[in-house]
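A.B. asks: Have a look at the structure that comes next, please.
The values are calculated or read from the model by the stated rules, or taken from the named source; none is laboratory data. Bear in mind that the values here come from a model prediction, so they are computed numbers and not experimental data. Cβ placement follows ideal geometry from the backbone for every residue including glycine, while neighbour counts extend to all protein chains displayed. Heads up: the accessible areas ignore ligands, DNA and RNA and are worked out on the full protein's heavy atoms, side chains in. Shrake-Rupley method; radii C 1.70, N 1.55, O 1.52, S 1.80 Å.
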Amino acid sequence: MGVDLKIAGIIPFSATDWPGKLTASAFVQGCPWRCIYCHNFQLQPFSDGEASFEQLLDLLRSRRGLLDGAVISGGEPTAQLALGDAIAAIHAEGFPVGLHTCGYQPKRLEALLADRATRPEWIGIDVKGLPADMPAVVGGTLARAEAAWQSLEIVTAAARRGDIEIEVRTTIWPGSTLEVHLPAVTERVAALGFPLVVHQARGVDQNGYYSEKYAQ
């Protein structure tokens, strides 16, 4: 039986999803959060994807020696039960793995990192704000916001041990609570031993909501 990773689509060649690497990037279907600035809202529903994991593996095999690795993005990959099996299968083909996550499932992340077969070589983790600010941004609960920061602590600890490489990043827009509290977020991330990469949301209105009419 194959790996049941729900994949919405695959980018065969990307130079932007893993800093310094050329990758094939798979975007999984499904995310439990509803970030107001999300420009991939079509990936939010949990449904069957339009691509298969075998297609990703076939692509990697056909580009062996041309690609540096594979990236699993989303959606939210840690919401996928098959994530560990998918990473292990990519590793078995000889490719390193990069993972994009919002840290939604700290226990699942911890389990991935505990096993060399399922441990990504690189993780890009999104910080959506201070825990108290996050429910207004992502639509989740305070408990889930605190869990995301627990994930950040898990990931940064693994990076300090030298187990993985990471990028910690956040997205702001003018006048947002996240922008106002950016110094506090930056300081809290720095206390974990890493810089915070700051991105500006694009295609959003004055309240931070994504709209295609602003994305031109």
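A.B. asks: Where only protein heavy atoms count, and the probe is 1.4 Å, what is the accessible area per residue for segment 76-116 in Å²?
C.D. replies: With all protein chains present, segment 76-116 gives 38 Å² per residue.
A.B. asks: Here's something else I'd like to know. When semi-axes √(5λ) of the Cα gyration tensor in Å is calculated directly from the model, which label among (1) 32, 21, 16; (2) 27, 20, 16; (3) 25, 23, 16 fits?
C.D. replies: (2)
A.B. asks: Also, I was wondering about something else. In nm, to one decimal, how far is the Arg34 label point from the Asp115 one, both placed 7 Å along Cα→Cβ?
C.D. replies: 3.4 nm
A.B. asks: Let me ask another. Helix-derived [θ] at 222 nm for the chain: sum -39500 (n - 2.57) over DSSP H runs of at least 4, divide by residue count, nearest 500?
C.D. replies: -9000 deg cm²/dmol
A.B. asks: Express the carbon and sulfur contribution to the solvent-accessible surface of the chain as a percent, rounded to the nearest whole number, probe 1.4 angstrom.
C.D. replies: Exposed carbon and sulfur together represent 52 percent of the surface.
A.B. asks: Under a crude label model (7 Å from the Cα following the beta-carbon direction), how far is Lys107 from Glu187 in nanometres?
C.D. replies: About 3.4 nm, to one decimal.
A.B. asks: Let me ask something else about it. So which cysteines in the chain don't have a second cysteine's C-beta under 4.7 Å from them?
C.D. replies: So, Cys31, Cys102.
A.B. asks: Counting only heavy atoms of protein chains, what accessible area per residue, in Å², does segment 118-201 have with a probe of 1.4 Å?
C.D. replies: Accessible area per residue: 44 Å².
A.B. asks: Under 15 Å from a label point 7 Å along Cα→Cβ of Ala92: give me every residue in segment 42-59 with its amide N that close.
C.D. replies: Answer for segment 42-59: 53-58.
A.B. asks: Right, another one. Can you list the residues, at least 5 places off or on another chain, whose amide H is less than 5 Å from the amide H of Gly124, using H built in the peptide plane?
C.D. replies: Those qualifying (amide H under 5 Å, at least 5 residues apart or on another chain) are Leu99, His100, Thr101, Glu167.
A.B. asks: So between Arg160 and Ala15, what do we pick up on full extension, going 0.36 nm a residue minus the alpha carbon distance?
C.D. replies: 49.6 nm
A.B. asks: Any chance you could run the full-extension gain for Ala136 through Leu22? It's 0.36 nm times the residue separation minus the Cα-Cα distance, nm to one decimal.
C.D. replies: Working it through step by step, the gained length comes to 37.5 nm.
A.B. asks: Right, here's the next one. Rounded, prolate or oblate: which fits segment 90-216 when a ≥ b ≥ c are the square roots of the eigenvalues of the alpha-carbon gyration tensor, with rounded for a/c under 1.5 and prolate only if a/b beats b/c?
C.D. replies: In terms of gyration-tensor shape, prolate.
A.B. asks: Moving on to the next point. Name the long-range amide H neighbours of Gly140: under 5 Å, sequence gap of 5 or more, or other chain; modelled H, no Pro or chain starts.
C.D. replies: Arg34
A.B. asks: Extension gain Tyr209-Ala82, at 0.36 nm per residue separation less the Cα-Cα distance, in nm?
C.D. replies: 42.6 nm
A.B. asks: Another question about this same structure. Any aspartates and glutamates with Cα under 16 Å of the Lys128 Cα? List them, leaving off those in the same chain fewer than 8 positions away.
C.D. replies: Within the straight-line limit of under 16 Å, Lys128 reaches these aspartates and glutamates: Glu76, Glu146, Glu153, Glu167, Glu179, Glu187.
A.B. asks: Still on this structure, I have one more. What accessible area per residue, rounded to a whole number of Å², is obtained for segment 8-62 using a probe radius of 1.4 Å?
C.D. replies: I get 49 Å² per residue for segment 8-62.
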